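K.L.:
Have a look at this one.
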Amino acid sequence: MRKLTILVSLLLLTISNDIYGQILNPVKWSWKAEKINETEYNLVFHAKIDKTWAVYSQFIGEDGPVPTSFTFNEGNHFKLIGKANESKNVETKFDKVFEMTIKKFHNYADFTQKIKILDKTKPVEGYVTYMTCDDTRCLPPTEVDFKFDSGTWGNTAGSNESGVSKKKITDQSKVQNASDDQLSSDINAAGTGRGQQKISMQEGSDPVKWNIELQKLNQKQFILRYTANISKGWNVYSIYTEDNGPVPTSLIFESKDGIELSGKPVEKGQLKEGMDKMFGVNVKKFYPDQPYIIEQKISVTDITKPVNGLISYQACDDEKCILLEQDFAFDLQNEKVIEFSPETGANAVAGELNPVTKHKFDKEFINTECGGVTSVPEEKTQNWWLIFLAGFVGGLLAFLTPCVFPMVPLTVSFFTKRSGTRAKGIRNAIYYGLSIIIIYLILGLVITAVFGADALNQLSTNAWFNIGFAVLFIIFGISFFGFFEIQLPSSWANKSDSMAGKGGLLGIFFMAFTLALVSFSCTGPIIGTLLVETATGGGPTLFGTIPIGPLVGMFGFSLALALPFGLFALFPAWLNSLPKSGSWMNVIKVTLGFIEIALALKFISIADLTMNWKIMPYELFVGLWVLIAGAMAVYYFGWLRFPSDPPKQKISPARKIFGTLMVLLMLYMASGFRVSKVSETFITPNLLSGLAPPAGHSYIFPKHCPLNINCFHDYDEGIAYAKKVNKPVLLDFTGYGCVNCRRMEDNVWSKDQVFRLINDEYVLISLYVDDRKPLEETYMSTFSNKEIKEVGKKWADFQAIHFETNSQPYYVLSSPDGKILSKPVAYTPDIEQYRMFLQCGLDKFEELKK
């Protein structure tokens, strides 16, 4: 049972809570079918790979990266012939990441799978699995879905009727040049796989604006005209650009019924051809100095049927490329363009409106600094020095526990006497300290790498994992109180101790490892707390997957634990000044137990907020923390005893001092029950801000919004009200588990000059990205290509699509019609700067009203 408990504990420690990560998509896939004869085709998969990145061959060893592979959905309507062939640009080189020789592709990769089609009425579907790495990191293995529709197997695939070669006829990026049998919408150069980023056009946010026209030539012939106005600094690639480079523009028609394409599309505009530095191939692209115009002549066989489809294209500037789509529809009978509603999402499920992409923002002023506001940068939301200090303090506390402190004189004496000379003894003690640091760093690395940053982040506000953390911390606390001990199997320590007896550097290392094992009952709970807390702040990662925060904390912890052994080896006389082992060490353990119980309440609170259970309201949370502080005071004064305490003990002056401090802390936290006349709810003490639930999450003074400000939790409802009262909008992307969000509300919004601006001049729309309530209607995200099922994920998707960030808090000022008033800001603890940010946005709104 004990082993099972420890195993569960270690598994829980590998999970931590933060949200999101950097979004990368360095590989773009496209596919086409090349006809060999009436039943056989070559399916060609083309990977366009960003500079410095690589994709791996199908034929690599098992100990390296994930090889590229193609999985076809089972069916009796086709038969694969052999394995997919690879393009000749494969390189066999030494890989710095995996430290081995591997076959991989740079810039591009082509894979050709021969197939025999037994039933042309059925599609061929599947997915490609691949991993991509650069010289410093790897992205997780990715799957991209592909589909070859039944229209791909047309009988005219070998014809030169349209003026293109047989090889290109079934390439959907050139589908507009094919005859009737090649019109299909199921394959295009952008793809719709899980590893692909595809964005539908939204006015005001995209670098290309399209205007669509219909020109009648006679009763049976029309010209479809597509005019693109390209933003400065951007380019769009020609329909006829070279293969193995950027995605060419293409016209994709949803139906072939009623029309025939007459010749090739004609392009007009400022076209330049030459070597593209980004793709390393010769390209044809259009510049923004003139409109880019595409004209496609069609012949009509049934004028009553509308012509629907989309323009698929790629737009690039000097730093990035994005794949985009623009829908079009023509009513030939009435000789007009059918206006596609801007509220229709390109990827809406079953034709329903996409609730995120239907909104539009005018971002003319989005980069305008307003009032000199400087928010805390997203990547610096974790203070590495504070994390290191927290780990260091944890290490000092662990050093003072009964499991470690008594080991110091024995270990130092061992090195100074057995080593022969004082210099050698000092050297061995230093090796011993370095071994401790290495062991705990490896432990932190293993635990945080088991699932990686993405999995840890996704569990940030998962109610059941937070409940699991709470249970784990309560177990740790009870263990520190002395009711039982958490111990690793004794066989582990015995085995390590036998290895330590071999001498040399290896023996010293296993001596340190033995210390880590036998002291686990004291250090384990501290390490668990440290890893959980430091993995919740986001920030950079190693290799794109391992959060750095826990490693910084573990370094501080191990350094504090190892430093005394080196110092006492250098200055052995100091040993005489060490206090004797005694009941004071147990006091430290019990103190840590109280801290573990208090932290457990925090995790219960996060679960309660995300699920809206109301089992841990503000007054209960603060009341329990007040009781914990009171219990600590009672313990320090000797009026409360635990099983590990000696039968009789004298209360030292230090304990009396700490008892007095706990009484003062108890009174300070009890001040959290004061009520604000302005917000009509509790006033959160500064030390509890971000730890306690929002003051409005209360039984006594329940409030729907922070500080009782009139707010909305639904964007559409908030915008409708803002239009009615003609006020600007403060869009607040927040989270129930967001510590800095609570600090902003408690310490900045609560100040009179800020509160009155938000409450009186703005319409506050607070969108909680970790709200776990299920959506009444799910939809497919155009950003992640994943089905969105929860309210919080909808608002996270909204933030990522429209503002290209996923950190909270994040504040956007806009007019009711979607005009951004200034540059959005994140965590801004400076009260005056945040007030200036609000005032500047209000001034811009009043200016636009004139």
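The values are calculated or read from the model by the stated rules, or taken from the named source; none is laboratory data. The model shown is predicted, which means the values in this text are computed figures rather than measured ones. Positions of Cβ are backbone-derived with ideal geometry, glycine not excepted, and every protein chain shown enters the neighbour counts. To get the accessible areas, we keep the full protein, side chains included, count just its heavy atoms, and leave off ligands, DNA and RNA. Shrake-Rupley method; radii C 1.70, N 1.55, O 1.52, S 1.80 Å.
K.L.:
Name the one entry in THR734, THR778, THR805 that is open to solvent by 50 Å² or more (accessible area, probe 1.4 Å) and touching a residue at least 24 places away in the same chain (Cβ under 8 Å).
P.N.:
None of the others qualify; the one that does is THR778.
K.L.:
Among the residues of region 311-321, write down those that are in a strand (DSSP E or B) and open to solvent by 30 Å² or more (accessible area, probe 1.4 Å).
P.N.:
If the condition is that a residue be in a strand (DSSP E or B) and open to solvent by 30 Å² or more (accessible area, probe 1.4 Å), then CYS321 is the only one that fits.
K.L.:
Consider GLY638 carefully, then state whether it is farther than 30 Å from VAL791 by Cβ, open to solvent by less than 40 Å² (accessible area, probe 1.4 Å) and free of Cβ contacts under 8 Å to residues at least 40 places away in the same chain.
P.N.:
Yes; evaluated as a whole, the condition is true for this residue.
K.L.:
Sort out for me the strands (runs of 3 or more DSSP E) sitting completely within region 163-258 that have 1 or more residues that are modelled with pLDDT under 80 and within 26 Å of ILE298 (Cβ to Cβ).
P.N.:
Fully inside region 163-258 and qualifying: 198-200.
K.L.:
Here's another thing I want to ask about it. Exactly one condition in (1) aliphatic (A, V, I, L, M); (2) within 21 Å of PRO26 (Cα to Cα); (3) open to solvent by 40 Å² or more (accessible area, probe 1.4 Å) is false for MET100; which is it?
P.N.:
Among (1) aliphatic (A, V, I, L, M); (2) within 21 Å of PRO26 (Cα to Cα); (3) open to solvent by 40 Å² or more (accessible area, probe 1.4 Å), the lone unmet condition for MET100 is (2).
K.L.:
Those residues that are among the acidic types (Asp, Glu) and either part of a loop (DSSP other than H, G, I, E, B) or crowded, with 22+ Cβ neighbours inside 10 Å (or both), I need them from region 581-624; list them, please.
P.N.:
Listed by number, the residues that qualify are GLU596, ASP608.
K.L.:
Quick check: anything in region 260-278 closer than 29 Å to SER150 by Cβ, touching a residue at least 24 places away in the same chain (Cβ under 8 Å) and in a strand (DSSP E or B)?
P.N.:
There is at least one residue in region 260-278 that is closer than 29 Å to SER150 by Cβ, touching a residue at least 24 places away in the same chain (Cβ under 8 Å) and in a strand (DSSP E or B).
K.L.:
Given the criteria open to solvent by less than 30 Å² (accessible area, probe 1.4 Å), among the hydrophobic types (A, V, I, L, M, F, W, C) and assigned to a strand (DSSP E or B), does LEU767 qualify?
P.N.:
Yes: the conditions hold for LEU767.
K.L.:
On to the next question. Looking at region 116-145, which of its residues are among the acidic types (Asp, Glu), closer than 26 Å to ILE36 by Cα and open to solvent by less than 60 Å² (accessible area, probe 1.4 Å)?
P.N.:
Result: ASP119, ASP145.
K.L.:
Something else about it: Which of the numbered conditions does GLN833 fail, given that it passes all the others? Conditions: (1) modelled with pLDDT of 90 or more; (2) under 24 Å from ASN726 (Cα atoms).
P.N.:
Of the numbered conditions (1) modelled with pLDDT of 90 or more; (2) under 24 Å from ASN726 (Cα atoms), the odd one out for GLN833 is (2).
K.L.:
Tally time: how many residues in region 689-724 are open to solvent by 60 Å² or more (accessible area, probe 1.4 Å), under 22 Å from LEU757 (Cα atoms) and touching a helix residue (DSSP H, G or I) at 6+ places or on another chain (Cβ under 8 Å)?
P.N.:
Going through region 689-724 one residue at a time, the tally reaches 1.
K.L.:
Something else: Can we say GLY672 is modelled with pLDDT of 85 or more, within 21 Å of GLY477 (Cβ to Cβ) and open to solvent by less than 30 Å² (accessible area, probe 1.4 Å)?
P.N.:
Criteria not met by GLY672.
K.L.:
Looking at (1) open to solvent by 10 Å² or more (accessible area, probe 1.4 Å); (2) within 15 Å of the chain's Cα centre (by Cα), find the lone condition where PHE798 falls short.
P.N.:
(1)
K.L.:
Same structure again: Does TYR635 satisfy being more than 43 Å from the chain's Cα centre (by Cα) and at pLDDT 85 or above?
P.N.:
When the stated conditions are applied, TYR635 passes them.
K.L.:
If you go through region 673-691, how many residues are touching a strand residue (DSSP E or B) at 6+ places or on another chain (Cβ under 9 Å) and touching a residue at least 24 places away in the same chain (Cβ under 8 Å)?
P.N.:
6
K.L.:
Would it be correct to say that PRO306 is at pLDDT 80 or above, more than 39 Å from the chain's Cα centre (by Cα) and within 22 Å of LEU214 (Cα to Cα)?
P.N.:
So PRO306 fits the description; yes.
K.L.:
Could you list, in sequence order, all residues of region 733-762 that are touching a Cys at 6+ places or on another chain (Cβ under 8 Å) and part of a strand (DSSP E or B)?
P.N.:
Across region 733-762, the qualifying residue is only THR734.
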